[in-house]
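Here is the structure we will look at, set down as structure tokens.
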Amino acid sequence: MLKVYVMKRKLIEDAVLVKNYINGDESALSMLIMRHKQKIYSFIYSKVYDRDITEDVFQDTFIKVIRTLKRGKYNEEGKFLPWVMRIAHNLVIDHFRRNKRMPKFDNSGEFSIFSVLSDSSLNAEKTLIKDQVESDVRRIIEELPEDQKKVLMMRMYQDMSFKEISERTGVSINTALGRMRYALINLRKVIEQHNIVLTN
Amino acid sequence: MAKIYSDYTLKKIQLNPKKETVYFLLNYSKALRVNYYKSLEFVTLLN
């Protein structure tokens, strides 16, 4: 009961600070940052594991917070921290998306053209791993109940729509969807139970 | 077993941003102005 009261009191305080900040009290922002900086910063670091990137994402998060508050677009009264966390979370996702698209340069040593160019064709090792993964997947699929296996094969290997699958198997679209869902659940279960690694 | 779990919870990452970052944000906030003219919104940074 006490915990709830304290929590409620703290939330109200956040809301008051936000309100004061919107009304022009700059020190309210300072208090909000001081109060939540550790939680937000640690959250970002737990995702990106890099101090510099964490610093950037933390800064971008609060720039977004400041701009939103000053523009009067904030409407989540009493939920300041979850709101900021969500912004931070989205920016972390943006960071990873950006990173995936952009080639990385290694500045630690001499320049190597191979750090920029990549061979899109698979090398011998990667081909072997890919074959192994595909054969493992096929073996696991064989273990599925017949109805689920049929739907999964048609969807994944024959690229059929659920409408086509339902017509071919004589069941409703919902049943086909359900079978696909259970097939995936069962596949995941088998993979987890046997610690099968399906990455290349 | 309970001890292992409690040890694990103690290892939560607790880090803080640099002072410079916080100062930057506070100064950014002071410099940011939002003005409205009719239905237009102007966001400006005043140094």
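The values are calculated or read from the model by the stated rules, or taken from the named source; none is laboratory data. Source: prediction; values computed, not measured. Quick reminder, even Gly has a Cβ in these numbers, built from the backbone with ideal geometry, and neighbours come from all protein chains shown.
Candidates are the residues of segment B:1-40 that are at pLDDT below 80 and within 11 Å of chain A (Cβ to nearest Cβ); the one that is nearest to A:ARG67 (Cα to Cα) is B:GLN14. Tell me, please, whether a residue that is in contact with a Gly (Cβ under 6 Å, 6 or more places away or on another chain), assigned to a helix (DSSP H, G or I) and surrounded by fewer than 19 Cβ atoms within 10 Å (Cβ to Cβ) can be found in segment A:68-75. Within segment A:68-75 (the criterion being in contact with a Gly (Cβ under 6 Å, 6 or more places away or on another chain), assigned to a helix (DSSP H, G or I) and surrounded by fewer than 19 Cβ atoms within 10 Å (Cβ to Cβ)), the answer is no, since none of the residues qualifies.
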